[in-house]
Protein chains: 2
Amino acid sequence: MQDVRPATVRIAAGSGEMTGRTRRYEKRYSDLEGLFLDAGAFATLAATRGDEVAYHVDEFRPSGRAGDIIFGTSILQPGRIGNEFLFTRGHIHAISDRPEIYHCLSGHGVMLMELSDGTIEAAEMRPGDVVYVAPHWIHRSVNVGGEPLITLFCYPADAGQDYEIIAQAGGMRDLIVADGADGWKRVPNPRYVGRTARAR
Amino acid sequence: MQDVRPATVRIAAGSGEMTGRTRRYEKRYSDLEGLFLDAGAFATLAATRGDEVAYHVDEFRPSGRAGDIIFGTSILQPGRIGNEFLFTRGHIHAISDRPEIYHCLSGHGVMLMELSDGTIEAAEMRPGDVVYVAPHWIHRSVNVGGEPLITLFCYPADAGQDYEIIAQAGGMRDLIVADGADGWKRVPNPRYVGRTARAR
């Protein structure tokens, strides 16, 4: 493993852009079709801003080897689709007992986390907060503020991602929506059908 | 592993103190005897400030299991012992192929890294920089600035630490010293005897 060398990456204040990344991953609004409850509001957004980047990830991946770690920045734009705040697609790790940490660098977010049995937690994130997403928890970032939500993440390099677990259940159990008073709240997701067939 | 729960810790801006930590680890100046070249300067410091904390680490350790991760903050005070800048004792991971990342939150530092064969690298750290300490690299933080050096670290939970590898070689190959012009430079460590007996 001495072929993997030390490296320095720089995270730009304000933008979260990572100089020295090995990869950038972008999701445009048009890529998020079907994820939000208000299909009409989504169609309106997609028609005018579908090609804009909703979120992107800059990552540094030294290897995919067990025992190594991958880190990077996630930059999620602010906004709502109907009453729902913009979120990332979300995932569980393909090796599901792998955790992840998210260090909030700027913005105001919620880390929505759920176990296969529907147990759910929402951890609010402000700059300086670090959320430990425990093994086996599905997780998704939600931007509940008015500025980009920028987080630094780190996870075991062999973890992998399973993005289908959320779609197969009709989403996560709860939605993060505007509370009508400049804040956010959790409400049940009417499309959620559970994951009992996949429960561990 | 569903007994390990999600958690949020908060890193205080300015101090680096971590609310929600599972452990704090402190090193006082008196604990650092023998590590610096200028024994007279060290004795003077230890006589007056020996009980003060030279550095401390706040950590969140969910478990020590392979595949989990540990993170925390390291707060290293500024200062010099003779010409040498204050540093942490340093370590290699007990499972030596485990990496570590250090995200500089404030201050001005150098991550000094060395392989068993004496190959050495010094990565400068300013706020926003993330240093990836590759597997097999011995590493030590050095504060070359005038303020506390605060870093957020993250590493695989099964890594462990070996603190003896540096002492057994008479230190690291190079010292980080004042350059006489408000900066730092690397100079050979006259006490360094190498680690050939332990070379991999």
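Quick check, is A:Arg198 of a type outside the set (Gly, Ala, Ser) and modelled with pLDDT under 95? Answer is yes for this residue. Tallying residues that are assigned to a loop (DSSP other than H, G, I, E, B), in contact with a strand residue (DSSP E or B) (Cβ under 6 Å, 6 or more places away or on another chain) and either hydroxyl-bearing (Ser, Thr, Tyr) or under 24 Å from A:Ser116 (Cβ atoms) (or both) within region A:163-188 yields 3.
Taken over region B:138-160, the criterion of being closer than 21 Å to B:Arg65 by Cβ, crowded, with 24+ Cβ neighbours inside 10 Å and not hydrophobic (A, V, I, L, M, F, W, C) is satisfied by B:Pro156 alone. The residues of region A:40-64 that are part of a loop (DSSP other than H, G, I, E, B) and closer than 20 Å to B:Tyr102 by Cβ, listed by number, are A:Arg61, A:Pro62, A:Ser63.
A single entry from A:Gly64, A:Gly72, A:Gly107 fulfils the requirement of being over 17 Å from A:Glu17 (Cα atoms), of a type in the set (Gly, Ala, Ser) and at pLDDT 95 or above: A:Gly64. When B:Ile101, B:Ile92 are checked against the criterion of being more than 10 Å from chain A (Cβ to nearest Cβ), crowded, with 22+ Cβ neighbours inside 10 Å and closer than 30 Å to B:Arg5 by Cα, a single residue qualifies: B:Ile92. Summed over region A:1-45, the residues that are loosely packed, with under 15 Cβ neighbours inside 10 Å, facing chain B (nearest Cβ under 10 Å) and of a type in the set (A, V, I, L, M, F, W, C) give a count of 2.
For region A:1-16, a residue qualifies if it is over 24 Å from B:Val110 (Cβ atoms) and either outside any loop (DSSP other than H, G, I, E, B) or at pLDDT 95 or above (or both), and the qualifying residues are A:Ser15, A:Gly16.
Looking at A:Ile138, A:Ile150, which one is among the β-branched types (Val, Ile, Thr), in contact with a helix residue (DSSP H, G or I) (Cβ under 7 Å, 6 or more places away or on another chain) and closer than 27 Å to A:Pro127 by Cβ? None of the other options fit; the residue is A:Ile138.
The values are calculated or read from the model by the stated rules, or taken from the named source; none is laboratory data. Quick caveat: nothing in here was measured; it's all calculated off a predicted structure. All Cβ positions, even for glycine, are placed from backbone atoms using ideal geometry, and neighbour counts span all protein chains on display.
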